[in-house]
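Peer 1: Questions regarding the structure given below will be posed in turn.
The numbers here are math on the coordinates, done by the rules we state, and not lab data. The structure displayed is predicted, hence computed values, not measured ones. With ideal geometry, Cβ positions are generated from the backbone for all residues, glycine too; neighbour counts draw on all protein chains shown.
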Amino acid sequence: MKRLLILLILLLPFCQSGEEKKDIEVIKIPLHIIEIKNDMVTEKIIFENIANHPYNNTLNIWLNTEEAKIKMDGVTDNFFLENNTILLNLSVYDFAIPPKGNISMDIEYEIKNKFERKIIYDTDKIEIKIQTNKFVRGNIPLKYENGIYFSSFDPKIGEKIIIEFEEKEGQNILVFLMGIISIILGIFIILLAIRKRS
């Protein structure tokens, strides 16, 4: 058994010598912008090829939706997702990201009450802007200013961004009660004014 194992170890380099050694193809995302307006999400992603040769293989895109529309360099296509994943083969569209170059991609899709995004590639910066009349909470820091929630941060590979949207039921009831109280006070003031005149 030992002799067989030693023989296999000795033969392994010869078995691999016929294979072409390729540079590792590396994709990085310098900027990823996400805009959420009510139930619609638009994303702009810049994919950068940091390898020394063109990249025309598959880009892996993880989304929490069933269908998405993707536009890159003027070409638009619709995709149905399996296991939240789109495997976008660039060679099918005759695209190649040049060495040290990049490609810009726009993605549009619909969500319900939850936004989720998994970080697949090394990403320098994500910017998120949210316009909604729902209550927003998430596992990322969100600031609120001028009717817009926003966040900007450097994510880690494998990190999952989760943002949930809930109806502001409590706030709607409070506004309704305030309206009723205002009407009652208004009627009371009018009745007092009529009594004083008479």
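Peer 1: Of all residues in the stretch 62-116, which are more than 23 Å from Thr132 (Cα to Cα), among the hydroxyl-bearing types (Ser, Thr, Tyr) and surrounded by 12 or more Cβ atoms within 10 Å (Cβ to Cβ)?
Peer 2: Matches in the stretch 62-116: Thr85, Tyr93, Ser104.
Peer 1: What do you reckon, is Leu59 crowded, with 20+ Cβ neighbours inside 10 Å and under 12 Å from Arg117 (Cβ atoms)?
Peer 2: Here the answer is no, as Leu59 does not meet what is asked.
Per-residue answers, yes or no, for (1) among the charged types (D, E, K, R); (2) under 13 Å from Glu43 (Cβ atoms); (3) touching a residue at least 60 places away in the same chain (Cβ under 8 Å):
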residue	(1), (2), (3)
Asn60	no, no, yes
Asn83	no, no, no
Arg137	yes, no, no
Phe150	no, no, no
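Peer 1: Further question: Of the numbered conditions (1) without any contact (Cβ under 8 Å) to a residue 24 or more places away in the chain; (2) within 30 Å of Thr76 (Cβ to Cβ), Arg117 satisfies every one except a single condition; which is it?
Peer 2: Result: Arg117 passes all but (1).
Peer 1: Give me the pairs: first residue in the stretch 67-80 and basic (Lys, Arg), second residue assigned to a strand (DSSP E or B) and surrounded by fewer than 13 Cβ atoms within 10 Å (Cβ to Cβ), beta-carbon distance under 7 Å, and six or more apart or on different chains, which are they?
Peer 2: Lys69/Thr76; Lys69/Asn78
Peer 1: What number of residues within the stretch 40-56 satisfy the criterion of being within 30 Å of Glu166 (Cα to Cα) and surrounded by 14 or more Cβ atoms within 10 Å (Cβ to Cβ)?
Peer 2: The qualifying residues number 5.
Peer 1: List the pairs whose first member sits in the stretch 24-49 and is without any contact (Cβ under 8 Å) to a residue 12 or more places away in the chain and under 14 Å from Ile61 (Cα atoms), whose second member is aromatic (Phe, Trp, Tyr) and surrounded by 16 or more Cβ atoms within 10 Å (Cβ to Cβ), and whose Cβ atoms are under 9 Å apart, counting only residues at least 6 apart or on separate chains?
Peer 2: Pairs that qualify, where the first residue is without any contact (Cβ under 8 Å) to a residue 12 or more places away in the chain and under 14 Å from Ile61 (Cα atoms) and the partner is aromatic (Phe, Trp, Tyr) and surrounded by 16 or more Cβ atoms within 10 Å (Cβ to Cβ): there are none.
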